[in-house]
Each structure stands twice: as structure tokens, then as C-alpha cells.
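Structure, as C-alpha cells:
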Amino acid sequence: MLHTKSCECLRRCKEYFCRKDSKGNEVCESELGIGLAARKDRPCYEREGAPPDEQYSAIPEPEEDKVKCFVGYEQASTVPANCSEVMKNGEDLSLPLSKCPKKCSGRGYCGQWQGANDPICRCHRGYAGAACEIQENRCYLKCNGRGKCTDQFCKCEPPYFSIGCSRSTVYPTNHSRPSPVNFKIYMYELSAQLAYDNVYRYGWHGHDRIYEAYTKFMEQFLLSPVRTEDPSEANLFFVPAFTYHYSGNVGTAEEHIHLLLDHLKHTYPYWNRTGGRDHFYWTPADRGSCHVREPLAHDAIRIQHFGMHNPAGTTGHFPHLGHPAYGCFHPLRDVVSPPLWDAAQQVWPTTSKLSIDELIAGKKRIFFFAGGVRPDMDYSGGTRQTLDRMVKEWKDPEFDWNTGGVGNYEERQRESKFCLAPYGFGWGIRLAQAMLTGCVPVIIQEHVFHPYEDILPYESFSLRLTNDDIPNLREILRGVTDEQYRRLVQNVVRHAAAFSWYPESGGSAFNYTIATLRRKHMNLKALYYPVFSERDDITAFVLWAAAAAERTEPGPPVCDAECTKFGNCGEDGNCRCPFGRLGKNCEIDFLSPCKPDKDGLPNCGSVFTKSCECFRRCREWACPLDWRGEPVCQEAFRLPDTRSCYERVGVPPDEQYSLVPEPDEVEAGTVKCYEGYKEGAAETNCSVALVDRNDISLPLSMCPNQCNKRGYCGRWADNPKGEPFCRCQRGYIAGANLHFLEQFLLSSVRTEDPSEANLFYIQSFTYTYAGNTGTGADHLQLLLDHVKHSYPYWNRTDGRDHVLWLPGDRGACHVGGPGKELILNPIKLVHFGMHTQQGHAGPFPHFGQPEYGCYHPLCDVVATPLWLDAPKWVPNTLKLSAEELMAGKKRLFFFAGGIRPDEEYSGNTRQMLDKLSKEWKDPEFDWVEGGVGGEYQERLRTAKFCLAPYGHGWGLRLPQAMLAGCVPVIIQEHVAQPFEDVLPYEAFSIRLSNDDLPLVREILRGVTDAQYRQLLEGVLQYLPAFHWHTPAGGKAFDYTIAALRRRSMHLKALHVADYAGRATSQA
């Protein structure tokens, strides 16, 4: 609001920025709408006798005698005022155009800004020069040669439309069938009435380029092969919300996001399929999504620069901001990307041309930082303030510490071994700067995730510390050996391109953003996070544009011929108008009161005082139509009430162990069996309760040596009439936890000096106490209580830097509870990564912790289980090339295994596919209920795709598929897979949900030969991660250590809450 506007302009602008949502509530967005609604005493002027549409916002010339000035823009409350006073806005003075060179060529405003002596022009968007005489083409892609750039709006030549005139074809609204391999993103076509980009509109006014990474993303996305114009094949949906226009660097854009997402939800058929979880938009402001409280906004993926993760239970610096479940950033859903550093265009080529030896030889000091230091501890979380105090005490000449800017900034960074990377008021740019100048970043940002942290190996190129480490910082940095430092620098150079948005100078930030979005899409398929907003009774399958509904073939958009006079034809058959125009064919120049004259450009930006009519019209103009319909909700799988079970009479709940009752127990009446597990379930005969199809569970006493307590006793489906025999749990006998211990004892990662340990391994041998289905909770509580009160290490982090194994069927699902809180804090190595956080109804909603279920993705590690046949299988697979493996494929799909009636078994995946396969009778769909004996490995190897579901808990079929050279089809809703934050699962597997099962044949047959070959190459590359036998090339131990190292970095970032609470006793 730097310039005084006509009263009519302010009135219309208020209307423009205050509009109604689908429920009829009036919402004012951006500081203009909110500010004008709150401050109706804005000064303005009117020209007597001029009609409303000609009340232009041109500062009156001295000779004009029919101009009146007022305090207040609403017609009923205006107060006459002195025009000379009305033209002042603090130190800014609005002047007539005649006072500036060439009247600013009619392309800007004239004034004396911030107390300057001489009038100067401030040019409208798209113009530059002292007299605004230079026209700039600032449209995306410069309209691609298919249109004319006017007012940063591409007036496209038919049939082209979309941002940058980048599209020409509209597709019918077919049933959505996105490929799980050929990742595609569809971008919504939104009119300027819904969202527009003020970076291009107000390039001259105070916009720091560091916030404009989203524009570089947009420029590269428009031409990227990952973009699709056909929404039916999209895996994700991009919402070009341009939130920075509505928030600036410190605002929220909350009202804008609410109105925009509400419009998408009720206008298009895509949002409601997943509750918006396959949609994404940018929030590049200082604190990203910290201030966004709009419920709908918490469902979509957010790309932001500030990954503050402060869920309930952590004590971050912003505990009052964001969502209570995860703070400002959801690590399984959202994306942190680097900000835009313009100097990267010159800095990175200079750095990358140096050899590692040259970079290291140029280091002149150990540490560098230059930047602001403010007194409030929210600024950088106290890091800058603490270091500022310490450095002044140290007076160390090798610590180059500057409270403020320095002229040779990039050179000083390149000459330093380590560079501090803190945050500021929100996100910071110093991590990107350090990487691109070849300086090893020292990241001290508690609770904050960094760009692409689930893809980039931060442990290889950075040091991650907490504020508690600052007093020892000099010793820590000087303790890095020359060999270690060289490796760090090598990896800085290797990964620095991820922090630059300029592909022409080697930047890869766009590619890493797409790769991270693809990872988030896999998380979506795994149902790792819930819908956070409440569902309502409205859906978008109503009035999805008659033209689109009738379309049967791809083709150009069809609109009235008059549309192209001012606008562009949209894919839904509606005309897309430029900023300020309304009407079916953009025939209404609705924001004329916001122009300087008839031929000028409308301006409703937040930095200018506007006419009242302009705001009123702006609110009306930007108000989308709403439609009501029926909701489309996806049902989550629940544990069936009819699951049969038994109970020992009089035994406390903690001692109701899962041991098949002995006959004397049943006869004595000390055991009762029921048709369901809930209170009030009907009692049933135990002989019935213990039968699951053809499998009959028997007491251990009926098997040899009670199976040595290492298996199940029974008569199984593959021999239902034979003698009882033990079915041993191969994953547990000489299990993965013992292989880990054997390799750990001789590993260089082991230290005998606890003072130099990053993590502490507890040999809990839980399986001895839990078996495959028990908990071992009492044993663990006693063991951890002993560790806590006998050693001095536990209490430093409340056990969060301690590691133990829980290899049972359901991992950590059954641990914890009253009196056993100590078990919640350590890092748990499990095989079952069931992640069902609060608000998400997974198959096991009653197990684990309410915040995260059985598995905490930032704390725990899913390790691959042990497959004893791996030494036999792996050589047979690895001796074949990808071509030879492909040539040996005889069928599309293979699965052999048990099918049980209760949905908790495999989350209903096996049951649904069993039913479908019997309906299909597809000869290429090799589906076997039960075992196949010695043919199993061969059937896996000769199938293109192999199902990898879970069972009662974790399953072996993922490692079996990998080791046999079969591409795994993972259908395990809510379940994290082994080493998922280290391995690129998208490179060797297909991830689906149960909703995809009816189309699984079409999905698999849609994978091209080239795509399948890439998947097979990925299987061969990463199969060593899925077995523990080092003589046969197994690397499961190495991947476990890599995942633990990643958890140690999460611990340093304080990403994980203290679930047990601090104790008063120390050791």
C-alpha cells in the first residue's frame, strides 16, 4: 500500500480479497484483505462526476479541481481530508506522474520513497528503467513462443493454454490408472482469480530471491517429462498455489490455502480419492507450514524450506506452531528443498572445477560464520547466541566469527574447513552455501529436517551437532582426522549439486525434489500417514464441466470464440481470464478501479493502497463456485470382531500368554475359548477356536521336545492328517539378531571405550523371553531398568542412543504400557515396521504407541529377517545377467502361501487376491494357496513379479523375491520395509495398496520391457541388503549399521520425543 489509491479501488480490492468458501463463510486472504477489512480508515481520493469504472488510481495532478480526498474508503463512513496529507504513507509520498521522468511512461507510480529528495518511478510488473521504458518478458517460459506476455500473463495463441502456453491438449476424465513405475505429476490449471504469483508481478518490491525456488521448480517442471497433461495417469497432483504472494516471508497464507484447497476439493474429482494426500503445493516462507492451521492444508504434501519437526512430546523452540501431531513438517509426507541462492550459478562451477586436493590445500582456517545474531532465542534456537558468547571467550584465531556480513563471503567459506549451518527466524541458507563452496557444513538445528534428508547421506558430508555440543566444538572439529576430513570433502563435492536450482551450471535440486516426491508417493501407497482434516459430506463428482464429461478423445480445449479476445481457453471448457477480468469470456474489466487509467494495469497487490470498490470486486471475483455431492471415503481395514481366541481364567492380563492350551487346562476349565476378542464375545469350543482352515494348532506337549520352544506344534494344511510336527521359525533360529551380533563383535564400528560411542548396543536376546508372538516386556523392563541405574550412559539421552533387537512376529507392537515406559525410548531393531500413528485406523490400531504404532520411523530400524536358504539361492541368481533373468520369465505373477480368514493376517491382502485370482483364472497369474515344496525358488525366479505381503506379522517374501531375482510387489499397508530410508525401493520394487488389487494385472502388464529391465537391474544391485550371509555376499549387517547411523543423526537433530520421561536417579 505504498501508493494512495482511489476510494473505488480500495472498495473493490477489499471485495476481491475477501470471498466465501464452500460453506458460505467469508474469508479474507492476504494482508490486503485482512488489513482492509480491519482498517476502513485508509485514505483515498475520488474524482467528482466520474463513474465507478473510471475512478482510476492515478495520483491527481495539481491542476485537477474535481478531486476530493477522504479518510476511509467505505461510502457510508468517508471523512473529508486534506489531499496533501492523504498522499503520505509514513516516509513515502505519492506524487502525480508529471513529477517523474516521462511520466514513468505510463507504466509505474511516481513518488518520493523513504524520505528521498528526488521523485523516482516505481515500475509496474514487467517494466524497468528510470522512466519504466524497458519492457521485460517475465512470463514463465517466455510464453514458449506460443503467445504474448502482457502483465506477466501469457495471452496464448489457440489451442495453447496453461502457464507458459505449455499445453494444447485436454484429456477425458477417465478412470485413474497411474503407473507405479512411470512416475507422473499433473498440474492443476488455475485462473488468476484463484492463485497468482506476485514475484513476477512485483519484482521491484522487496522480494528476496532466496524465496523463489518454487519459480525455478515451476520453470523446470513445465518442460519436464515427469509432467503429464492427462490427470488419469498422474501419481501426484501439483497445486500451483503461489502461496508466497499471499504470505510474504513471515505471513501465513492460511486463508488463501483454505479457499484454494476448498475449491479443488469441491470442483475436481481428484482430491477426495485420497483426502488430498496425493496433492502437493509449496510453502516457501521463513517458517514454511508452521503457521498453517487450516485442516485441509495438513492433508497434502508440502514442499518447504523449513523442516521443523516438533511433535507432541518434544520441547522445540516452536511448540505452539504447526500441527500437534508433527509440528511444522511431517517427515513421511512433506519435502524439504533447498532455498534459491542466485550466486550458485557462479559459485558452484568455481568449486566443482577444483580437485579434492586443491580444495583441501586452500583451507586457511578451521571454522567460519558470518551472519546476524539476535537476542531472542527463537532466532536460530539459541545456536548463534550460544556460539557468539563462546567464540568471544575462546578468542581462537582459527574461528572466523562475524556478527554481520562480510564482503568476500564465498571466498571465506571456501577457505574454511567447516562452516556453521544454523537456522534463523525460520529456515537458513547457509547449508546450501557451505555445500556449494566446498566447506563441510556443521549443522546445528535442533528438531529440523534438511533438504532431501531421506535421500541424501548427510552422515557422509556433514557434521550434525546439538547445542549441548557447542562448548566442545573446537575439540570435536580438531578431532576429525585428515583421512576423515578428506572423505567429508569428497562427499560434499559429490552431493553439492542437490543444493543448486540452476541446471545450466550443474544444479540438480529439481531432480532431487522429484525423487523425494516419488519417495513420498511410495509412503502414501504404504498408508504411512492419515487424513488430518475431517471429512465432510461434499465431493467433487458433480458438475465436473459438461465439456469434460462429454469428451471421449484427447484434443484441444473448446470454449466460446470470444474467449480468446482477452483470455485463454481452459481444459474444462471455461475461459481463463487474466488478472482483473471477469465474465464468461473475460469481457468484464472488473478491476478497472485499480488501474492508474483506462489503459493501465489493475493492481491489487498487498503493497499498495487500493480503491474500496476494487477490493469488493476482488473478493467477488476470486470467489469460486461450490458444488455439493456425496463423499468418497476409503475404508481402512480393521481387526474383525469375530477373531477367535482363548483365555486363561483368573490369570492377570499381563500373564495371558499365547501358548496353545494343554488338554488338561481345557478339561479343568482354566481355559475358555471365544468367537471374538472383544468383551462380551460368545464362548466357543476350543477345538473349533484352534482351527484356521486346515491348520490345527496343538499344544507344544504334542510335538517332539516341545519344539524346543522354537516353533509351533500342529497339524498343518500341507499334511492335515499326519502326525503333529514342529514348524520351526527360521527367522528366529540362529536369527538375524544373532548374525548381527556375530558380525558386530568383529566389526570396526564396535568400540570398547564407551566414552567414544555414538550409540550403545544392548544384547537383550528378547526372543528367548518373547518367542515369536510374545512381548518380552517384563524382561526388557527389568533389563533396561538395570542399565539405567547401573551405568552412566542411559540418562544422558533417556536411552534414546541405545539399541536393542525385537525380532518377534510383530516387533514392538506389544511392548510398552503402564510400568514399562523405558522400552519406548531406545532404538528398536525389528522386522515388522507397522506404523499406525494417531488418527490412522490401520490393521493394528490397538497395538504399540498411539503416536506412531509399533514402529517409529525416525527412531527405529526395520532390518531384513534371516532366510537360511540365502547361501543356496544367491549364487544361482547373481550368476545371471538382467537379460538372462528376463529371458527366463515364464509367467507374470507368483505367490504361494497361507490364506487365513481373519483380516489382521496380511491386512486382508492375501484374502482379497485369493478371491480375485479365482475369479480371473488367469494362466499367467500363478497363485497357490499353501506350499509348493522344492519348486519354490524356481517358481519365484521364473515369474516377473512376486507378491510380498505380510502375515501374522512380518513376512519373508520380500527377501525371497529379491534373492530369487523376482521384482517384489509390496502390498503392506502402513508397514515400513527393511532399510527403507537407505535403500531406493522405487528402483527395484512396485508398491501398491489394497485399493489397487482389482487392477493389479493391468498395472503389472503396463510395465514396459525397458522399465522392467531397470527394475531387475535394481533387484540385482540391492539384493545383498536382504541377506545376512557375508560369505555369499550378504550386506544386511552393513545396511543395518548405515540405518543406525542415520538414526544417530536424527537423535542429534532431536527429531524423536522422550516417551519415557526423565528419571530422578542417576548412575
(message) Cβ neighbours within 10 Å, averaged per peptide: list 742-750, 955-963 in order, most packed at the top.
(response) 955-963, 742-750
(request) Determine, for each peptide in 654-663, 274-283, 220-229, the mean count of other beta carbons within 10 angstrom over its residues, then list the peptides with the highest first. (result) 274-283, 220-229, 654-663
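Please give me the summed charge of the neighbours of LYS88: other residues whose Cβ is under 15 Å from its Cβ, Lys and Arg +1, Asp and Glu -1. All intermediate terms of the calculation are to be shown ahead of the outcome.
Details: positive: LYS5, ARG42, LYS99; negative: ASP41, GLU85, GLU91, ASP92.
Its environment carries a net charge of -1.
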(request) Multiply the residue gap between LYS915 and LEU999 by 0.36 nm, knock off their C-alpha separation, and tell me the result in nm, one decimal place. (result) 28.9 nm
(request) Please find the FRET efficiency linking THR481 to ASN708, where r is the Cβ-Cβ separation and R0 is fixed at 45 Å, and quote it to the nearest 0.05. (result) 0.40
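If you take every residue apart from GLY426 with its C-beta less than 12 Å away from the C-beta of GLY426, what net charge results, scoring Lys and Arg +1 and Asp and Glu -1? Don't skip to the answer; put the middle values down first.
Numbers: positive: ARG287; negative: ASP286, ASP378.
Residues near GLY426 contribute -1 overall.
At 0.36 nm per residue, and after removing the present C-alpha to C-alpha distance, how many nm does the segment from ALA130 to ALA987 gain when stretched out fully? Present the calculation step by step, with values, prior to reporting the outcome.
Values: separation 857, 0.36 × 857 = 308.52 nm, distance 5.43 nm.
Length difference between fully extended and current span is 303.1 nm.
Can you tell me the order of 806-812, 868-874 when each peptide is scored by its average per-residue count of other Cβ atoms within 10 angstrom, highest first? Could you put the intermediate results ahead of the total?
Working: 806-812: 26.7, 868-874: 18.7.
The packing order, highest mean first, is 806-812, 868-874.
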(request) Would you mind computing, in nm to one decimal, how far apart the modelled labels at LYS890 and ILE360 are, each placed 7 Å from Cα along Cα→Cβ? (result) 5.5
(request) Sequence neighbours fewer than 8 away in the same chain don't count; with that in mind, list the lysines whose C-alpha is under 25 Å from LYS1035. (result) LYS828, LYS872, LYS879, LYS944
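State whether region 887-1046 is rounded, prolate or oblate according to the following rule on the C-alpha gyration tensor (a ≥ b ≥ c being the square roots of its eigenvalues): a/c under 1.5 gives rounded; otherwise a/b larger than b/c gives prolate, and the remaining case gives oblate. All intermediate terms of the calculation are to be shown ahead of the outcome.
Values: a/c = 1.60, a/b = 1.35, b/c = 1.18.
It comes out prolate by the Cα gyration axes.
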(message) Using a Förster radius of 35 Å, what is the FRET efficiency between GLU157 and GLU1017 based on their Cβ-Cβ separation? Nearest 0.05, please.
(response) 0.20
(request) Using Cα positions and a limit of under 18 Å, work out the lysines in reach of LYS520, with same-chain residues fewer than 8 apart set aside. (result) LYS184
(request) Compute the label zone of LYS872 within region 944-970: residues whose backbone N is under 14 Å from the point 7 Å along Cα-to-Cβ. (result) 964
(request) Please list the non-local residues whose amide H lies under 5 Å from the amide H of ALA81, H modeled 1.01 Å from N, same-chain partners needing a gap of 5 or more. (result) CYS69, PHE70, VAL71
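Given a cut-off of 26 Å, name the pairs among LYS23/LYS216; LYS5/LYS66; LYS363/LYS392; LYS672/LYS709; LYS148/LYS216 whose C-alpha atoms lie farther apart than that in the structure shown.
On the way: LYS23/LYS216 35 Å; LYS5/LYS66 16 Å; LYS363/LYS392 22 Å; LYS672/LYS709 23 Å; LYS148/LYS216 21 Å.
Where the Cα-Cα span goes over 26 Å, the pairs concerned are LYS23/LYS216.
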(request) Quickly work out the ARG900-to-ASN685 label distance, labels modelled 7 Å from Cα along the C-beta direction, and quote it in nm with one decimal. (result) 2.2
(message) Using each residue's phi in region 878-892, evaluate 6.51 cos²θ - 1.76 cosθ + 1.60 at θ = phi - 60° and report the 3J(HN,Hα) Karplus result to the nearest Hz, with x for Gly and Pro.
(response) 6, 6, 9, 7, 4, 5, 5, 4, 4, 5, x, 6, 10, 8, 6
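Each reported figure results from applying straightforward, stated rules to the coordinates on display, with no laboratory input. Computed from a prediction, not measured in an experiment: that's the story for all the values here. Note: ideal-geometry Cβ built from the backbone for every residue, glycine included; neighbour counts use all protein chains shown.
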